[in-house]
1. What residues does the stretch A:83-106 have that are buried by at least 30 Å² of accessible area in the full protein assembly compared to the chain on its own, 1.4 angstrom probe?
2. Report, as an integer, the average count of C-beta atoms from other chains found within 10 Å of each Cβ along B:91-104.
3. I need the peptides B:163-176, B:215-228, B:1-14, A:81-94 ranked by packing, meaning the mean over residues of other C-beta atoms within 10 angstrom, with the highest value on top.
4. Once you wrap a convex hull around the alpha carbon atoms of the stretch B:2-156, what is its projected area averaged over all directions, in nm²?
5. Where the centre of each part is set by its Cα atoms, how far does the stretch B:138-152 sit from the stretch A:179-226, in angstrom?
6. Work out which helices of chain A, taken as complete DSSP H runs, extend at least 15 Å along their axis over the Cα atoms and score a mean Kyte-Doolittle of 0.0 or more, then list them.
7. Can you compute the modelled spin-label distance between residue A:14 and residue A:242, with each label point 7 Å from Cα toward Cβ, in nm?
8. Provide the buried accessible surface between chains A and B in square angstrom, both chains summed, 1.4 Å probe, rounded to the nearest 100.
Amino acid sequence: MRRRILEISQTVSALHIAPAFSCLEIVETIYSSLMRHKNETSHPDTFILSKGHGSMAQYAMLEEMGVLSAEEMLKYCKPGGILGTHPDYGIPGIEAATGSLGHGLGIAVGMALADKGMGLNRTVYVVMSDGELQEGSVWEVMLLAPTLGLKNIVAVVDLNDFQSLGRTSEIHPNFYPVVDKVRAFGWEAAAVDGHNRQEIYDAVKSRSGAAPLMVVAKTTKGKGVSYMENVPIWHYRSPNPDEYRLALSELEEK
Amino acid sequence: MRDTFARTLYQVACQQPNVYIVVADISPAGSMAQFRQEFPDRFVNVGVAEQSMIGICAGLALRGCKAFAYTISTFAIYRPFEQVRVDLCYQNLPVTVVGIGGGVSYSTLGGTHHAQEDIAVIGSIPNMSILAPCDPQETEAATWACAAHNGPVYLRLGKAGEPDLTSGAPEPFEFRKIRKIRNGSGACIISYGPIMKMALETAARMESELGGNVAVYSAHTLKPLDREGLARIMSSHNTVVIIEEHSERAGLAAQAKQVGWDYGVRTKLHTFSLKDEFIHLYGPNADLLAAHGLSADAIFKAVARD
């Protein structure tokens, strides 16, 4: 999927490539190994990419699943296409409009509340960024979700340690250790390597189920392409043709 | 109004098992006791956390539920403005945001609790509808209209104890349609919300001191505004008076002037709105309104002078 995202990057000048690369294994594990889909149940699980700027990871996944067409992918951010920089409600496979940070978890709590009211066994998966956890709205619902007895929420934080103006750990050193704060709000928490599919899978599968779960996934921004890893400019830029070839060859070596 | 709203919402919830109310810990929510008692799973108090109130309503709506968010107007829309804009309006979800204390009805609580520019602010978001009933009867009808509406609504209510103003109205309440609540053919007054009481007092005084029959209309649906109805009414009365408990910016008065221009209406138009000011006055609602230039006496004198 990294290769596919690189291909699309050559059709536009900017595409938030590094934020998509950092959460790719998280998105893939949730969709491929954890979620129950339409063909398995009448009430499928839900996926919300609360860090909407990582949309390319979700679009590439939805393309692999056949929900989005290759044709649509090539019309990314172009007139006549349906895919923009941020996931838009109403697009196939997109269940909430995101792009403004700190909205996804509140929506997930509302969904989980409705599911609980209807007696449905349904899980809402939310992928968030570490910078996003600086939004107060996140902690409002963090405090509330366990009180409402909502157990079917699995949130994964893409802890890539970067935000627009620098390292998250330098801007907010008191944010760490994250898992302690999550537990203090009544959630079950687990720390994993966010590029290790097995660790992500095991953390979700081994949860007790007594409370909502937040998986704190340590990741590398721009993961997979050496010159992009932890270099802020790749938050937004697309590679030029030479950089593109270099990135492809690095991915092929792996 | 808030008691009527609570009673009506309970009736709605009895009929519709997917109706939820999400409140943000304010004391008027006490009027919801019956709802809370009988449907504890559909009554959610998020605490002092308005952003989550709106986000949760959006999530409920995305699962096919009808959600009502409920708190004081200022906290219902200003604090979680972006959640209202993105979660509700951008996604066009059937959620009603109920604001208690529209205008300056919390007249002893100060500017932090005054929703005096709420219609201007919330009305500028695409997809949002606005309902502002004038009395308990209209509140009941408006609540049912919100439950039936397939998009976001801001329901602007007063407080408690508002008198019945419309049970003898010649026309019924209909969502989107400006409504005649008092017959007359000469001058007319158009208003909405609890300040309608002042409009009716002004109409009675105009009739007794200036003669003629003064019609009164309730423009309860501020968005989408009944532009054709408004233009027709303004064209068929030689004097039109608009009274509103809202800023002069982008409320009914400002919109009526736009409609008048667009439809080529030629009539004498007097508008009375809240000033574009924070007024630091604590006391009865009537005193604060008077400080904004709004009293039946002041309005009558201004109209009579002309």
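1. A:88, A:89, A:97, A:100, A:103
2. Values: counts 6, 2, 3, 0, 1, 0, 0, 0, 0, 0, 0, 0, 0, 0.
Taking the mean over all residues of the peptide, I get 1.
3. B:215-228, B:1-14, A:81-94, B:163-176
4. 7.8
5. Using only Cα atoms to place each centre, the spacing works out to 43 Å.
6. Both cut-offs are met by A:104-117, A:136-147.
7. 2.3
8. So the buried area, both faces added, is about 1900 Å².
The values are calculated or read from the model by the stated rules, or taken from the named source; none is laboratory data. None of these values were measured; they are calculated from a predicted model. Quick reminder, even Gly has a Cβ in these numbers, built from the backbone with ideal geometry, and neighbours come from all protein chains shown. Ligands, DNA and RNA are stripped out before the accessible areas are found, and what is left, the full protein with its side chains, is counted by its heavy atoms. Shrake-Rupley method; radii C 1.70, N 1.55, O 1.52, S 1.80 Å.
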